[in-house]
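Heads up: the structure comes next, in structure tokens.
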Amino acid sequence: MKQLVKLAAAAAVGAIACGSVVYAQAAAPPPRAIVTLYHAAPGQQEGLLRWLAEQDRVARAAGVAPVQLYVHTDGDSWDYMGIAPATTEAQDEAMDAAAKKLGVTSGPRVSLELRKYIASHTDTYAIGPISPEQAVAALGSR
């Protein structure tokens, strides 16, 4: 049994090291994401969820990854947290075209529509997802 634990630990260390080396050597910048905290307007939790689901339908139609949604259960005051890839201008245009094709609100009106369902929100740009080891490797040598 001890031998099995040692082999598993060695495999895990090797996998982490390989991931860090690959990340450090990668020419591409690390992925960027937008983390959004939503505070639903009173009585608009379901409306906000339906609006977010509609936006995911548009994103998938445009070939963009949908939002990873987290639902508040305890603690701070937010209702929902979304983590989505930061999009390029071309992806934004594809999403706008997909929205029009699907008959969904598009362009600047999307932001106006969102505000019907929220009391407030915050957007934060972040790098990720990456592992702690990848973040350390990105620092480079001292």
Per-region count, the stretch 29-52, residues touching a helix residue (DSSP H, G or I) at 6+ places or on another chain (Cβ under 7 Å) and not aromatic (Phe, Trp, Tyr): 2
Search result, residues across the stretch 33-47 that are outside any loop (DSSP other than H, G, I, E, B) and surrounded by fewer than 13 Cβ atoms within 10 Å (Cβ to Cβ): GLU46
Every residue from the stretch 72-130 that is at pLDDT 95 or above, of a type in the set (Gly, Ala, Ser), surrounded by 10 or more Cβ atoms within 10 Å (Cβ to Cβ) and more than 19 Å from GLY47 (Cβ to Cβ): ALA84, ALA86, ALA94, ALA97, ALA98, ALA126
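Here's the yes/no breakdown for (1) closer than 30 Å to ALA28 by Cβ; (2) in a loop (DSSP other than H, G, I, E, B); (3) in contact with a Phe, Trp or Tyr (Cβ under 7 Å, 6 or more places away or on another chain); (4) of a type outside the set (A, V, I, L, M, F, W, C):
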{"position": "LEU49", "(1), (2), (3), (4)": "no, no, no, no"}
{"position": "GLN55", "(1), (2), (3), (4)": "yes, no, no, yes"}
{"position": "GLY63", "(1), (2), (3), (4)": "yes, yes, no, yes"}
{"position": "LEU69", "(1), (2), (3), (4)": "yes, no, yes, no"}
{"position": "THR73", "(1), (2), (3), (4)": "no, yes, no, yes"}
{"position": "TRP78", "(1), (2), (3), (4)": "no, yes, yes, no"}
{"position": "ALA94", "(1), (2), (3), (4)": "yes, no, no, no"}
{"position": "THR124", "(1), (2), (3), (4)": "yes, no, no, yes"}
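So that you can scan it fast, the table gives a plain yes or no per residue for (1) of a type in the set (Gly, Ala, Ser); (2) on the phi < 0 side of the Ramachandran plot; (3) in a helix (DSSP H, G or I):
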position: THR87; (1), (2), (3): no, yes, no
position: ALA99; (1), (2), (3): yes, yes, yes
position: VAL110; (1), (2), (3): no, yes, yes
position: HIS121; (1), (2), (3): no, yes, no
position: ALA137; (1), (2), (3): yes, yes, yes
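The values are calculated or read from the model by the stated rules, or taken from the named source; none is laboratory data. Here the structure is a predicted model, which is why all the values come from computation and not from measurement. Heads up, the Cβs are rebuilt from the backbone with ideal geometry, glycines too, and the neighbour counts pull from every protein chain shown.
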